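Working notes, structure below.
The values are calculated or read from the model by the stated rules, or taken from the named source; none is laboratory data. Bear in mind the structure is a predicted one, so any value in this text is a computation, not a measurement. Here Cβ is always computed from backbone atoms with ideal geometry, including for glycine, and neighbour counts include all displayed protein chains.
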Amino acid sequence: MMEKYYEINAPAVISEPMEEELVVINLDSGCYYSLNKTATLLWNQLEQGCSINQAARQMALFYGSDEASVIADFTSFIERLMEEQLIKAGNGDPKDWPLSKERQSEPYLKPSFEKYSDMQEMLLLDPIHEVSEVGWPHQEKK
Amino acid sequence: MNKFESLLPEILTYFGNAVLASADLRQRTLSLCGKQVCIAYSSEILETSLFKAFEHLETIENTAASAFRIFVCDGNVLNRDLPGWAQLVEFSAKDKKILMYNAGDIHALYNPDSKVFSLVDTASGHGWYYLPQAADLPYYEKAAPMRMLLHWWCEMTGRVLVHAAAIGWASRGALLAGRGGTGKSTTAMLAAQSGFSFLGDDYVVLDNAHGPAVLSAYNSVKFRWEMVERLPSTGTLSVNHPKADDKGYFYLHETHPESLVRTLPLKAVLLSTIERLDKTTFVRLPSTKGLLSLAASSIFQMPGSGGPTLKKLADILRDIPVYQMSLGTDNEEIAQALRDFLTGPAE
């Protein structure tokens, strides 16, 4: 089967870890997200150039869980990340083994995120607005 | 070549000529984030409109030593608009889009809503602020003036301008964050009237040079007109009127100068909610909630920096406890609960 690779949709998407979660902001859409631990680990794997299958294999080993179910979870979660334009198709180039090979004692949880889209409401209260860092004047990307 | 880059020399010449042509040039010096910032205004109306929010930070120092120098003028000084202005206004008019330019040391932003153009050269430490008519300044610019210049200044000095209120008690500072309508401004105003220290109502600066600290930028308080029902004094303090603007505002430097402080150690982030409970409660939340709340609104309101701002914020907030503060209904009870919270055992 053809391996699928992804990359973070930078520079529109920025992220920062906090505790075991990841805060992700989409500067284009105005939406922002908190990713749970599994989703944060997957995000790191994608950043490292892992395919879905590679990432799932590592995660299944990491948690001692069933690889086929992890692949199914990752496939549907990555579709959601794509829908939110947080990631895009990329070229695989695994640079490192992103996860510790030591088995975790805690249970595997499906990757998930919480989405917040309240910025538009706030921006209407205090005028501010679409921006771009490309230059000026220029047309916003559609 | 980008259109703005080709116009930049003309724009800088325009500002240079405007300085020379300002017969009534006025200079005020601030101590902002511990460093001197000199602001020169081309006219009295600009000084009156744009300095009151900074008045508590004024310092009498040698302006030549200022690390950041800002020149503020309108189109009346040279009786003509900034070079390229008509194109700029026309280009941004569609959809009222903000226009930005970021390249190297030069950053510029035009806000079609306020018609304010801000420009900074971070290498030389110079900023410029322009609008066609000083008399047309919107209320929110008078309450929190030169926000983009302040944002860039913070970036130049390794600090972060955040969208939050900040108060303190017994030398412990707390950020009040959350969306509009969650009681942030009401709580900040209530605190200022109840003997708390006040650092800001809408925008404050975070610094991590010597441990997490919050710094004051503006002494203004913006409030929804409905807030007058809860704090009747706000209505009498307001410098504007409900029919004129969608929010009221006033300057604490004029009404409660004793409450203003320039900096406090940051001890907690409080995400306020209005629950109409009998008692105000504080419930610990994951740190992620604090970062989410502060980062998104700060980054979208001070656009252009994105990733570095998010990282700086995360570094500052990593060890700061975050609480959901569910507000009660009685003002005295809220003030006492905040006092008890801030004087309680440090985590």
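Worth pointing out:
- Residue pairs meeting the criteria (Cβ under 7 Å; at least 6 apart or on separate chains; first at positive phi, in the range B:112-140; second charged (D, E, K, R)): B:115/B:136; B:125/B:69
- Residues considered: B:109, B:119, B:88, B:161. Of these, the only one that is at pLDDT below 90, within 14 Å of chain A (Cβ to nearest Cβ) and not in a loop (DSSP other than H, G, I, E, B) is B:88.
- Residue check, residue B:60 in the same structural domain as residue B:111 (by TED's automatic domain parsing) and part of a strand (DSSP E or B): no
- Conditions (1) touching a Leu at 6+ places or on another chain (Cβ under 8 Å); (2) free of Cβ contacts under 8 Å to residues at least 60 places away in the same chain; (3) among the β-branched types (Val, Ile, Thr): number failed by residue B:11: (2)
- If you check B:334, B:274, B:316 for being of a type in the set (Val, Ile, Thr) and within 29 Å of residue B:31 (Cα to Cα), only one passes: B:316.
- Conditions (1) under 19 Å from the mean Cα position of the chain (by Cα); (2) closer than 17 Å to residue A:33 by Cα: number failed by residue B:314: (1)
- Residue list for the range B:304-314, restricted to those being more than 7 Å from chain A (Cβ to nearest Cβ) and part of a loop (DSSP other than H, G, I, E, B): B:305
Okay, residues lined up against (1) more than 9 Å from chain B (Cβ to nearest Cβ); (2) at negative phi; (3) touching an Asp or Glu at 6+ places or on another chain (Cβ under 9 Å):
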residue	(1), (2), (3)
A:2	yes, yes, no
A:17	no, yes, no
A:21	no, yes, no
A:24	yes, yes, yes
A:30	no, no, yes
A:33	no, yes, yes
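- Residues of the range B:275-305 satisfying the condition of being surrounded by fewer than 21 Cβ atoms within 10 Å (Cβ to Cβ), without any contact (Cβ under 8 Å) to a residue 40 or more places away in the chain and either under 21 Å from residue B:108 (Cα atoms) or in contact with a helix residue (DSSP H, G or I) (Cβ under 7 Å, 6 or more places away or on another chain) (or both): B:287
- Residue B:271 being modelled with pLDDT of 80 or more, out of contact with any Lys or Arg (no Cβ under 6 Å at 6 or more places or on another chain), under 30 Å from residue A:114 (Cβ atoms) and not small (Gly, Ala, Ser): yes
- The residue of the range B:223-258 that is farthest from residue B:332 (Cα to Cα), among those that are surrounded by 23 or more Cβ atoms within 10 Å (Cβ to Cβ) and not aromatic (Phe, Trp, Tyr), is B:248.
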